[in-house]
Amino acid sequence: MLRTLPEAVAENVRRVRSRTAVPIMAVVKADGYGHGAAAVARSAVDAGAAWLGVTDVAEGVALRDAGLEVPILTWLNPAGVDATTAAHARIDVAVGSVDELRRLIADAAEPVRIHLHLDTGMARGGCPFGEWPELLRVARAGRGRVEVVGVMGHLPRADEADPAANAAAVLRMRQGRDAVLRAGFGPVIVHLAATAGALTDPATHFGMVRIGAGLVGIDPSETTELAGASRWTAPVVHSARIAAGTAVGYGGDHVAERETHLSVIGVGYADGIPRELSPGAGVAIGGVRHPIVGRVSMDQIVVDTGPVMFPRGEVATVFGPEGGPVPSIQEWAQWAGTIPHTIVTGIGNRVQRSAA
Ligand SMILES: *Cc1c(COP(=O)(O)O)cnc(C)c1O
């Protein structure tokens, strides 16, 4: 089924809501997974998402400038986060180390809302459990300059869709939360799960789930059908008939076995077409999938259209949600030996986005 971006995001918010009763944070980092941060954020909030999440304060400010009013959390701020901007724009800052917290307390002229970030088993940011008591002591001493409103962790293995894989992180999260409550902080919102945990393991939901990939139709757990939120089209810029034995593209890697027709599409690796593709990669033109032949160039790919010679301007679909001849983002990820996230976040700046 074909949907606009807002419709697809709304449908995905509904599908997540059918699996959990807790509020949803819409994660729109990396420009909304390549789909446009403000457009995805607006669609998600209209569909009921209560929070927004991005990596840094600058991305949060851009969302405020776009008119989004819901709470915003950032979790990857470089040293010297702009405490004044965060306080003024009401952008929450996740803090995952004692150093970071001390610095923020020193810089905060006005109270900054913070989420204490616990390492729940990834060793990629977040405070190690052994340093958690010290983090809580410093946060308590900094009251008035920082206000603890949340506690966060992140699941290292939720995409395995196996609750047993999450058990250690869930336990750690409970211990971290209990320590925060014992230390006398007020009500805090506790959040651990991203898309995969939200869709597969209720024990990970706590007080909120953070949904990024799922908003744009990507389920890292591969358990749930979500609505594809984007279609990438590009025109045929050149077509030609070639004789058997003709070499195609840089290095002449591909040699036509028979007389055939080629169409050149004006998208290349600078636009996010992966340069390394397994055989079978293709695009849809005229309702049929045609293989990409020869090397991917910076600005173009060549497609073997067999007996058909497409006119200039004919529209090729690189990917879309409809299936059949139209490749999916998941197929592109398979062809490139990667995950769908890298396909959507790799789409270049010169590819025009439209949310309609
Ligand atoms: C990216 C990110 C998310 C969203 O993850 P998805 O799997 O895309 O839903 C949630 N939390 C944190 C900390 C993240 O960095």
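Each value in this text was obtained by applying a stated rule to the coordinates, not by laboratory testing. Since the model is a prediction, treat every value here as computed from it, not as a measurement. As a convention, Cβ positions derive from the backbone with ideal geometry for all residues, glycine included, and neighbour counts pool all protein chains shown.
Quick one: grab the alpha carbon gyration tensor of the range 268-356, order the square roots of its eigenvalues as a ≥ b ≥ c, and give me rounded if a/c is under 1.5, else prolate or oblate depending on whether a/b is larger than b/c.
Because its axes are fairly even, with a/c under 1.5, the range 268-356 counts as rounded.
For the range 262-309 and the range 39-118, compute the distance between their C-alpha centroids and round to whole Å.
41 Å
Run the quick spin-label model on Leu2 and Thr345: label points 7 Å from Cα toward the beta carbon, then report their separation in nm to one decimal.
It works out to 3.0 nm between the two label points.
In degrees between 0 and 90, to the nearest 10, how far off the longest principal axis of the chain does helix 37-46 point, with axes built from Cα atoms?
Approximately 70 degrees, to the nearest ten.
Scan around Gly53 for amide H atoms under 5 Å from its own, H built in the peptide plane at 1.01 Å from N, and keep only partners 5 or more places away or cross-chain.
Ala26, Val27, Val28, Leu73
Can you list the residues, at least 5 places off or on another chain, whose amide H is less than 5 Å from the amide H of Arg289, using H built in the peptide plane?
Answer set, sorted by chain and number: none.
Please figure out what share of the DSSP beta bridges in the chain is antiparallel and state it in percent, rounded to the nearest 5.
Given both bridge residues lie in the chain, the antiparallel proportion sits at roughly 50 percent.
Specify whether the C-alpha gyration tensor of the range 5-216 places it in the rounded, prolate or oblate class, a ≥ b ≥ c being the square roots of the eigenvalues: rounded for a/c under 1.5, otherwise prolate if a/b is larger than b/c and oblate if not.
Because a/c hits 1.5 or more and a/b fails to exceed b/c, the range 5-216 counts as oblate.
Classify the chain from the C-alpha gyration tensor, please: rounded if a/c falls under 1.5, else prolate or oblate depending on whether a/b exceeds b/c.
Prolate is the answer for the chain, as a/c is 1.5 or above and a/b outweighs b/c.
How much length is gained on full extension from Ala244 to Gln175, taking 0.36 nm per residue of separation minus their Cα-Cα distance?
That works out to 18.0 nm of additional length.
Any chance you could give the angle, 0 to 90 degrees and rounded to 10, that helix 5-17 forms with the longest Cα principal axis of the chain?
50 degrees
Using modelled amide H (1.01 Å from N, peptide plane; none on Pro or chain starts), what sits under 5 Å from the amide H of Arg295, excluding residues fewer than 5 places away?
Close amide H contacts, sequence-distant or interchain: Tyr250, Asp253, His254.
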